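These notes concern the structure reproduced below.
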Amino acid sequence: MRLTYPLLLNAKPQDKPYKIRDRDSMYLRVSVSGSKVWKFDYRLDGKDCSYTLGRFPDLSIADARQLRNAAANLVASGVHPKAHEKHLQQQNVAHYKNTLWPVCEEWLNDNRANWTAYYHGQATRFLARYVKDSQLGAMPIRDVTVAHLYDLIQSIAKRKTISGDERKAEGAPHIAIRLRQHLDAVFRRAIISGRVDSNPVAALKPSDVVTLPPTRHNRALEADELKHVLAAFWVTGTPLTRLAMRLLLLTSVRTVELRGATWREFDLETAIWALPGERMKMARPHVVPLSTQAIEVLGKVKEITRPKTSGDYLFPNARDKSRPMAATTINAALVRAGFNNERLFRAHGARGTFSTWAHERGFVPLAIERQLAHVEKNRVSRAYNKAEFLSERQKMMQDWGDYLESLRD
């Protein structure tokens with residue numbers, strides 16, 4: 001019987017499975033449920049065997065015959081087709097595990113517990129953007145050369161066009177340096193696991209591939225300058241961005257700590273913001289006393305965002321509420337307000353301004369350091385710091401809030 005597509009398509013299930021035979025020991029098996037599978041029967045090592053070629057109609061008659069011929073050649077060579085298929089799968093898996101991106105994934109997974117969620121997310125984004133989504137990601141790690149890595153790092157440091165999910169069509173030397181550090185660790189892991197014999201990143205000193213721009217430090221602001229910043233916080237950006245800038249100044253936290261804040265961290269009755277260790281730079285829980293001014297800002301934030309659960313972000317991303325505010329939002333608003341070049345002021349500068357003010361007001365230095373979530377290297381200081389100077393810091397943050405409010409009046 002000559003097999004045709006309509007004949008096989010219209011074959012109906014029966015009380016028992018049955019075969020529609022082709023030639024050369026190949027047939028279509030129709031099950032009781034109606035599924036149709038191409039099979040090839042052969043004899044090897046003194047045993048009758050059957051090999052599944054694929055499903056119909058996904059696998060056409062012509063393609064099934066080609067697979068049958070390839071299987072018959074393996075049998076003629078004394079190889080079971082299924083064993084050969086499994087061997088190829090194992091080779092593919094082994095090849096994939098020895099390419100650059102899977103080694104990056106292993107390194108990221110191994111360090112997840114040792115890093116903050118922010119740092120792990122940042123490392124994952126950088127490696128995914130520049131390694132996984134590039135030709136290097138699928139290249140056997142043993143074949144990656146110094147030249148490959150030099151070209152990659154240079155392309156980031158000196159780029160002039162946007163590609164992928166990059167935000168700016170300009171060089172990003174600091175990202176290039178950070179990626180070099182990540183890849184250096186990835187290749188050291190590959191050496192330990194026996195997948196490479198040497199580390200090509202070691203041949204690339206940062207100064208060989210990247211020229212970093214001069215560092216521009218945020219200086220502490222004098223009262224008159226701080227007045228200008230506060231004035232900008234009332235008119236620059238969206239209403240939510242303005243509130244974020246004000247809360248950042250009132251609490252002296254890092255920008256990443258503010259952006260990732262969720263409502264469950266706040267107890268407005270006791271005026272305490274409790275940040276979990278996994279969100280902190282030094283991986284230690286941190287408590288921030290909230291001034292009446294900070295409580296007022298939080299109330300206005302809640303009116304705008306109308307959170308539905310305690311896990312909602314205070315400052316959700318404008319495009320995706322499941323993510324926090326973008327890392328560049330606050331600094332971009334400051335740039336638009338004119339705080340650039342000679343008038344340079346960035347979000348992180350709020351911490352230095354607060355620290356200078358607190359020291360000038362005579363607050364206990366260790367209390368100031370604890371408020372800034374700085375971990376002392378001196379063991380005696382660290383032990384003495386267990387009480388966290390909470391009452392001292394509550395007064396300090398309220399005085400700071402009152403001082404900022406006085407500058408607006």
### Query
Relative contact order, percent, of the chain when contacts are C-alpha pairs under 8 Å separated by at least 6 residues?
11
#### Entry: MET1, MET245, MET325, MET397 arranged by Cβ crowding within 10 Å, fewest neighbours leading
MET1, MET325, MET397, MET245
### Query
What are the lysines whose alpha-carbon lies under 19 Å from the alpha-carbon of LYS158, with same-chain residues fewer than 8 places away excluded?
LYS168, LYS205
### Task
Starting with the highest mean, order 315-321, 68-74 by the number of other Cβ atoms within 10 Å, averaged over the residues of each peptide.
68-74, 315-321
### Task
Arrange THR241, THR145 by Cβ neighbour counts within 10 Å, fewest through most, would you?
THR145, THR241
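Name the longest site-free stretch of the chain, where the excluded sites are GluC sites (Glu not before Pro) in a DSSP loop with no more than 16 other beta-carbon atoms within 10 Å. Please report the intermediate quantities before stating the final value.
Values: sites that count: GLU166, GLU170, GLU222, GLU269, GLU376, GLU388.
Longest gap between qualifying sites, sites excluded: 1-165.
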### Angle between the chain longest axis and helix 239-251 axis [Cα atoms, degrees, rounded to 10]
60
#### Entry: Candidates ARG284, ARG129, ARG29: whichever shows maximal mean-square fluctuation once the chain is modelled as a Gaussian network with Cα springs under 10 Å
ARG29
### Summary
Phi-derived 3J(HN,Hα) across the range 308-314 with the Karplus relation (6.51, -1.76, 1.60, θ = phi - 60°), rounded Hz, x for Gly and Pro, is 9, 9, 5, x, 5, 6, 4
### Task
Based on other C-beta atoms within 10 Å, arrange TYR313, TYR5, TYR51, TYR119 from fewest to most.
TYR5, TYR119, TYR313, TYR51
### Query
Which entry in [x] 76, 52, 33; [y] 58, 42, 38; [z] 97, 54, 45 is this structure's computed Cα extents along the principal axes in Å?
[z]
### Message
Helix 100-111 against the longest principal axis of the chain: what's the angle in degrees, Cα atoms only, rounded to the nearest 10?
### Response
50
### Task
Just grab the label-to-label distance for LEU7 and ALA327, each label 7 Å out from Cα along the Cβ direction, in nm (one decimal).
6.4
## Note on the structure
In degrees rounded to 10, the 0-90 angle between helix 349-360 Cα long axis and the longest Cα principal axis of the chain is 30
### Task
Find how many whole Å separate the alpha carbon centroid of the range 1-44 from the alpha carbon centroid of the range 246-262.
67
### Query
For the range 100-209, what does the alpha-carbon gyration tensor say about shape, rounded, prolate or oblate, given a ≥ b ≥ c as the root eigenvalues, a/c under 1.5 as rounded, and a/b over b/c as prolate?
oblate
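Write down the Kirkwood hydrodynamic radius of the range 223-408, to one decimal in angstroms, obtained as one divided by the mean of 1/r over all alpha carbon pairs. All intermediate terms of the calculation are to be shown ahead of the outcome.
Numbers: mean 1/r = 0.0590 Å⁻¹.
One over the average 1/r among Cα pairs gives 17.0 Å for the range 223-408.
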### Task
Past 29 Å, Cα to Cα, is the threshold; run LYS227/LYS308; LYS47/LYS97; LYS12/LYS39 against it and keep the listed order.
LYS227/LYS308; LYS47/LYS97
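Read-outs throughout are calculated quantities, based only on the coordinates presented, and are distinct from any laboratory measurement. All figures in this text were calculated on a predicted structure; none of them were measured in a lab. Virtual Cβ from ideal backbone geometry, glycine too; neighbours counted across all protein chains shown.
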